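This report concerns only the one structure given below.
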Amino acid sequence: MRLSLLSLAAALLVLTGCASSSNALLPHVSSTVTQEGDKAVSVAPERLVCSGGPRCPSLAASWSGAKPGQAQLVVSLPPPQPAVTGIDVHIGNSEVVRLRVRSGDAQDGAQAGQDSRFDVPLRLIDRLAHAPRSWLRLYLAGGASIDETVRSGEERSRASEAMAHFLAAVQTAGGAGQGLQGPSGGLFDRLGVRDK
């Protein structure tokens, strides 16, 4: 009888540990209401699939009901890395989206370790979340660049997972436009053949 009680107690401890660690594995998405009364959603930064080293970029995103079809894509590098001045988003074998103009909410003079924000359509967030293959080329102040993977086909980054959770929260909050329906599940969509 004593052995059974000890086994039951050990099983409960394991289950409790699994439950608390599974919450840590989920991206942190928050929903609020702005002072103007608009719904707002944001997701905390998550890392890309990095080839190593201390300069692994993180992606986050935010959305407001004031602009229901648009989001802010936030990219950051740990200090003392230079600020990100532009991004090429590579999706599948041929689609490239170039982001060069930083968000109007961002400061003009980017500093090392500072977040860089870009206004993007929700469709681009959807592609980062669901495209089978995608990677980013980050252009840094000073002329250097970094290439890192969002999703390789075999491996999915935490950033890609975070974008999927973010989109689900945006859809619940009333977001609009292309990109909120998620992947349709057809063979061509899963293979990334139909990028438009």
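Each value in this text was obtained by applying a stated rule to the coordinates, not by laboratory testing. Not measured: the values here are computed from a predicted model. With ideal geometry, Cβ positions are generated from the backbone for all residues, glycine too; neighbour counts draw on all protein chains shown.
Let's test the formula: R0 of 30 Å, r as the Cβ-Cβ distance of D88 and E154. What FRET efficiency results, to the nearest 0.05?
Working from the Cβ atoms, E equals 0.85.
Could you work out the local net charge near T32, counting Lys and Arg as +1, Asp and Glu as -1, over the other residues with Cβ closer than 15 Å to its Cβ?
Taking every other residue near T32 into account, the sum is -1.
In cubic angstrom, how much convex hull volume per residue do the alpha carbon atoms of the stretch 30-175 span?
106
In a shell of Cβ-Cβ distance under 15 Å around A44, excluding A44 itself, what net charge do Lys and Arg (+1) and Asp and Glu (-1) give?
0
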